[in-house]
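Undergrad: Before I ask anything, let me first share the structure, which is written out below as structure tokens.
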Amino acid sequence: MINDLKKVLSAELFKARGRKSTYIVPAITVAGSIIIFFAVSYAVRRDWIGLASGFYISSVSMGWIVNIMAFLAVITTCFEISGEFAMGTVKPAWTRPVSRRSWYFGKLLACSAAITVLFLLSFIAVAALAGMKFGFNDLMEKEYLVHSSAGMWGRLLAVALLTIWSLWATVAATSVFAVFFNRPGSAMATVMAVSFALTLLAMFPVARPVLLTTCLTQPFEQMTSMSKGLPLPLEWGTLIWRTAACAGVWIVVTLFAGSTALVKKEITF
Amino acid sequence: MADAIEKEILGVAGLGKRFGRVEALRGIDISLSRPGVYGFLGPNGAGKTTTFKIIAGLLRPTSGSVSICGIDVHENTREAMRNIGILFDAPAYYPYLSGRDNLEVFARWSGRKAGDGIGELLEKVGLAKAGTKKVGEYSWGMKRRLGIAAALLGDPPLIIMDEPTNGLDPAGIAEIRRLLPELAYRLGRVILFSSHRMDEVDQVCDRMMIIKGGEIIASGTTDELSRAEPVVEIVCSDTDRAARILSGTSGIEKMDRTGPDRLRILTPGMRAAAINSLLIEAGVEVRQVMESKESLEDIFFRLTGTGQDDQ
């Protein structure tokens, strides 16, 4: 299995080298993140929202960027899996000495790695700009220390890690649909429809904690509240274990469903 | 060495496949052990590609089994795939990569070293110069050549080719006709290939299997499959009249006009001399009468009951 994964990852890396999107998408992502940062900064300067702190602006910007990242995760996964069916390149792939499960897990690892790199590029760009323009200072209320800079840095990094974990869950969940459809467009449309349905479900408080959309958005929402000195929606411990467990369950269940469907899939085209 | 030659390279036993209510394959049996070129013929929709896809592990059989070098394809696909190279009817590649890089990707999936033998393969299929060009810029013929190179990657003992010469120019076809026997007899490979070109199959295949309606209805060499009775070909002044006269005669099974002054007659009941006498007595000027063996095309149409239009 490990050897097969190495083979698939090596092939994916080699393919990525030859694709223009490998260079264009990160550039657009960083540019988009910078635009979002300046939009949030502008709103803060005009006193429309929040306060002029590096932590606050990073949290709000990243909260927006996470939605774009989730969308990129869906697109990347659909093109990586359904795209192989659409092009027909799955036929030469599956007639090589690599198991279908390894091919699938290798693809998901590649997608997860790509989305992690994109997220980190955005995060670094936003944090660097926020640090340069506003600084990462302690949050003070008059003489009283609300949150120390070190404490907020720890939470910000934890939130970033939780979001990356949730983005991996998004990749895994998308892959289930990508396995079923032979066209990336059909897979993406279905994922969007399901996401919309899940968003509607979020209106019900009972359903909210188990939704993937909650795993994706809640960590930076919590960080935004913290950086503004507001009461936290959840205890940090609760948020961390709940998000980690929820995304983890999504990953395990969808990986099982996706890999089982892939092993049973027949190539009739 | 003798053991290696006798080892079954491809074993297909009682293969059946249903798509809903449609029974695409029924009890297909194939056993190939000796190096050689084996033809797989059948009309469109007969089940050739379905059989190939099951052998390649892309479809699961409803019944029966497939083994490659003794390894069951559907129980241990990964290991079985070490021993097979396949050219599909419509080979697919990554258009943004060059031909060489596409082969590199395939080689990496197989766990081979980077660049391992790829240059030689490209040279073998006549793509040495075009290897660095992006596949998106390749012609159909170049893509097929690249597909052949991909099938040969890793020197598998079994090579399956679904219409390898389809879309190739005459030079490409000649090259493939030269390559297949070389692979089979010099390098000891077993090659199973399908083609719509009977002359091609006749020229390069040792044995052939004819499939119709999901069943293999005949297999053997051209000599084994052809009938003892000859085919009579006549060259005469008035083929319309000759055809009218002969069509009223018992013992004529099939008659085709093969040229403006030529008729080809399948007649188990009459010999050339009798046909000649019949036409001369009726006042038709007969310029030439020839007896020949049944061609593979005749065999194919006789066995499958299809006309050339069905092809």
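The values are calculated or read from the model by the stated rules, or taken from the named source; none is laboratory data. Since the model is a prediction, treat every value here as computed from it, not as a measurement. Note that we place each Cβ from the backbone using ideal geometry, even for glycine, and neighbour counts take in every protein chain shown. Heads up: the accessible areas ignore ligands, DNA and RNA and are worked out on the full protein's heavy atoms, side chains in. Shrake-Rupley method; radii C 1.70, N 1.55, O 1.52, S 1.80 Å.
Undergrad: Could you tell me which of the residues B:GLY188, B:GLY172 is open to solvent by less than 10 Å² (accessible area, probe 1.4 Å) and over 15 Å from the mean Cα position of the chain (by Cα)?
TA: Selected residue: B:GLY172, the only one of B:GLY188, B:GLY172 that is open to solvent by less than 10 Å² (accessible area, probe 1.4 Å) and over 15 Å from the mean Cα position of the chain (by Cα).
Undergrad: Output the number of residues of the range A:12-41 satisfying the condition of being at the interface with another protein chain (Cβ under 10 Å from one of its Cβ atoms) and touching a residue at least 24 places away in the same chain (Cβ under 8 Å).
TA: 2
Undergrad: Do we find a residue being open to solvent by less than 40 Å² (accessible area, probe 1.4 Å) and under 30 Å from A:MET87 (Cα atoms) anywhere in the range A:240-251?
TA: yes
Undergrad: Take A:SER21 and decide whether it is under 30 Å from B:ASP89 (Cβ atoms), open to solvent by 30 Å² or more (accessible area, probe 1.4 Å) and out of contact with any Phe, Trp or Tyr (no Cβ under 7 Å at 6 or more places or on another chain). Break it down stepwise before answering.
TA: Details: under 30 Å from B:ASP89 (Cβ atoms): yes; open to solvent by 30 Å² or more (accessible area, probe 1.4 Å): yes; out of contact with any Phe, Trp or Tyr (no Cβ under 7 Å at 6 or more places or on another chain): yes.
In short, yes.
Undergrad: Here is a follow-up. Restricting attention to the range B:142-163, and to residues there that are in a helix (DSSP H, G or I), of a type in the set (A, V, I, L, M, F, W, C) and away from chain A (no Cβ under 11 Å), which single residue is farthest from B:VAL66 (Cα to Cα)?
TA: The qualifying residue farthest from B:VAL66 (Cα to Cα) is B:MET142.
Undergrad: Then there's this: Just the residues that are more than 8 Å from chain A (Cβ to nearest Cβ), assigned to a helix (DSSP H, G or I) and open to solvent by 10 Å² or more (accessible area, probe 1.4 Å), please, taken from the range B:75-112.
TA: Matches in the range B:75-112: B:ASN83, B:ARG100.
Undergrad: Kindly provide the set of residues from the range B:79-108 that are more than 28 Å from the chain's Cα centre (by Cα) and among the aromatic types (Phe, Trp, Tyr), ordered by number.
TA: Selection gives B:TYR96 alone.
Undergrad: While we're looking at this one, here's another question. For A:ARG96, work out the one condition from (1) closer than 23 Å to B:GLU79 by Cβ; (2) crowded, with 23+ Cβ neighbours inside 10 Å; (3) more than 7 Å from chain B (Cβ to nearest Cβ) it doesn't fulfil.
TA: Unmet condition: (3).
Undergrad: Out of the range B:11-47, which residues are among the basic types (Lys, Arg), without any contact (Cβ under 8 Å) to a residue 40 or more places away in the chain and in contact with a strand residue (DSSP E or B) (Cβ under 7 Å, 6 or more places away or on another chain)?
TA: Looking only at the range B:11-47, we keep the residues that are among the basic types (Lys, Arg), and these are B:17-18, B:21, B:26, B:34.
Those still in the list that are without any contact (Cβ under 8 Å) to a residue 40 or more places away in the chain too: B:21.
Of everything in the range B:11-47, nothing turns out to be among the basic types (Lys, Arg), without any contact (Cβ under 8 Å) to a residue 40 or more places away in the chain and in contact with a strand residue (DSSP E or B) (Cβ under 7 Å, 6 or more places away or on another chain).
Undergrad: If you go through the range A:197-230 one residue at a time, how many are open to solvent by less than 70 Å² (accessible area, probe 1.4 Å), farther than 22 Å from A:VAL40 by Cβ and outside any helix (DSSP H, G or I)?
TA: Qualifying residue count for the region: 3.
Undergrad: Go through the residues of the range A:126-136 one by one and say whether even a single one is out of contact with any helix residue (DSSP H, G or I) (no Cβ under 9 Å at 6 or more places or on another chain), surrounded by fewer than 20 Cβ atoms within 10 Å (Cβ to Cβ) and either away from chain B (no Cβ under 14 Å) or among the hydrophobic types (A, V, I, L, M, F, W, C) (or both). Steps first, answer last, please.
TA: Taking the range A:126-136 and keeping what is out of contact with any helix residue (DSSP H, G or I) (no Cβ under 9 Å at 6 or more places or on another chain), we get A:128.
Those still in the list that are surrounded by fewer than 20 Cβ atoms within 10 Å (Cβ to Cβ) too: A:128.
From what's left, either away from chain B (no Cβ under 14 Å) or among the hydrophobic types (A, V, I, L, M, F, W, C) (or both): A:128.
Yes.
Undergrad: Need pairs with beta-carbon distance below 7 Å; first residue hydroxyl-bearing (Ser, Thr, Tyr) and within the range B:175-197, second open to solvent by 40 Å² or more (accessible area, probe 1.4 Å); sequence gap 6+ or separate chains.
TA: B:TYR185/B:PRO35
Undergrad: For the condition within 12 Å of another protein chain (Cβ to nearest Cβ), of a type in the set (Val, Ile, Thr) and open to solvent by less than 30 Å² (accessible area, probe 1.4 Å), what is the one hit in A:THR77, A:THR89, A:THR116?
TA: Only one candidate passes the filter, namely A:THR89.
Undergrad: Where the second residue is part of a helix (DSSP H, G or I) and open to solvent by less than 10 Å² (accessible area, probe 1.4 Å) and the first is over 22 Å from A:THR213 (Cα atoms) and of a type in the set (Ser, Thr, Tyr) and lies in the range A:63-91, which pairs have Cβ atoms under 7 Å and are six or more apart or on separate chains?
TA: Listed by first residue and then by second, the contacts come to A:SER82/A:ALA178; A:SER82/A:ALA187.
Undergrad: Condition (residue is at pLDDT below 90 and of a type in the set (Ser, Thr, Tyr)) applied to the range B:95-112: is it met by at least one residue?
TA: yes
Undergrad: Then there's this: Looking at the range A:137-147, which of the residues that are farther than 10 Å from A:PHE55 by Cα and not hydrophobic (A, V, I, L, M, F, W, C) is least open to solvent (accessible area, probe 1.4 Å)?
TA: First, the residues of the range A:137-147 that are farther than 10 Å from A:PHE55 by Cα: A:140-147.
Checking which are not hydrophobic (A, V, I, L, M, F, W, C) leaves us with A:141-144, A:147.
Details: A:GLU141: 114, A:LYS142: 178, A:GLU143: 171, A:TYR144: 151, A:HIS147: 43 Å².
Only one residue fits best here, namely A:HIS147.
Undergrad: Let me ask something else about it. Within the range B:255-280, which residues are in a strand (DSSP E or B), open to solvent by 30 Å² or more (accessible area, probe 1.4 Å) and touching a residue at least 24 places away in the same chain (Cβ under 8 Å)?
TA: B:THR258, B:ARG262, B:ARG264 - these are the residues of the range B:255-280 that are in a strand (DSSP E or B), open to solvent by 30 Å² or more (accessible area, probe 1.4 Å) and touching a residue at least 24 places away in the same chain (Cβ under 8 Å).
Undergrad: Would a scan of the range B:287-295 turn up a residue that is open to solvent by 40 Å² or more (accessible area, probe 1.4 Å), acidic (Asp, Glu) and part of a strand (DSSP E or B)?
TA: Within the range B:287-295, one or more residues are open to solvent by 40 Å² or more (accessible area, probe 1.4 Å), acidic (Asp, Glu) and part of a strand (DSSP E or B).
Undergrad: Just a yes or no: is a residue in the range B:26-47 within 14 Å of chain A (Cβ to nearest Cβ), surrounded by fewer than 24 Cβ atoms within 10 Å (Cβ to Cβ) and charged (D, E, K, R)?
TA: no
Undergrad: Just give me the residues in the range B:27-86 being over 13 Å from B:LEU10 (Cα atoms) and of a type in the set (Phe, Trp, Tyr), in sequence order.
TA: The answer is B:PHE40, and nothing else.
Undergrad: Which ones in the range B:131-140 are buried (at least 17 other Cβ atoms within 10 Å of the Cβ) and in a helix (DSSP H, G or I)?
TA: B:GLY131, B:VAL135
Undergrad: State the number of residues belonging to the range A:148-189 that are open to solvent by 40 Å² or more (accessible area, probe 1.4 Å) and over 23 Å from A:THR116 (Cβ atoms).
TA: Qualifying residue count for the region: 9.
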